[in-house]
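A.B. asks: Sharing a structure below in structure tokens format, with a few things to ask.
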Amino acid sequence: MSARTVYLICYDICCPRRLRKVHRFLLGYKTGGQKSFYECWLTRQELQAVRAHLAELIDETEDRVHIFQLDPRMKPDCFGIAETMAVNAPFIVI
């Protein structure tokens, strides 16, 4: 089994139709986040697939997507009702 790395995927999509497509696509990979910011634990192959599919979904002249690799050793700062996700918690990518 390939090792997973945590990424923060953020997007700003101008067209509502493309926005819905990107949102629905990333729901299959996210383990946490909100609105247009998602934490995704991805293998190298999944990251390549996500990048390729997002490139097909967006209009490169109007939209933007950022993919940041995060250090899983960092402890998140949580405020209000925010909760951290257990790194070892089971999850499945369908």
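A.B. asks: Of all residues being in a strand (DSSP E or B) and not aromatic (Phe, Trp, Tyr) in the stretch 38-75, which is nearest to Thr5 (Cα to Cα)? Just the residue, please.
C.D. replies: Only one residue fits best here, namely Leu42.
A.B. asks: Given the structure, is Cys14 touching an Asp or Glu at 6+ places or on another chain (Cβ under 6 Å) and at negative phi?
C.D. replies: Here the answer is yes, as Cys14 does meet what is asked.
A.B. asks: So, one more: Return a yes/no flag: does the stretch 19-37 have any residue that is assigned to a loop (DSSP other than H, G, I, E, B), among the small types (Gly, Ala, Ser) and at pLDDT 80 or above.
C.D. replies: Yes - at least one qualifying residue is present in the stretch 19-37.
A.B. asks: Taking the residues in the stretch 1-30 that are closer than 19 Å to Met74 by Cβ and surrounded by fewer than 16 Cβ atoms within 10 Å (Cβ to Cβ) as candidates, determine which candidate is nearest to the chain's Cα centre (by Cα).
C.D. replies: Checked the stretch 1-30; the qualifying residue nearest to the chain's Cα centre (by Cα) is Leu8.
A.B. asks: Oh, and also: For the stretch 38-73: of the residues being closer than 17 Å to Cys14 by Cβ and in contact with a strand residue (DSSP E or B) (Cβ under 7 Å, 6 or more places away or on another chain), which is surrounded by the most Cβ atoms within 10 Å (Cβ to Cβ)?
C.D. replies: Here the answer is Ile58.
The values are calculated or read from the model by the stated rules, or taken from the named source; none is laboratory data. All of these numbers come straight from a predicted model, not from anything done at the bench. For neighbour counting, all protein chains shown are included, and Cβ atoms are generated from backbone atoms with ideal geometry for every residue, glycine included.
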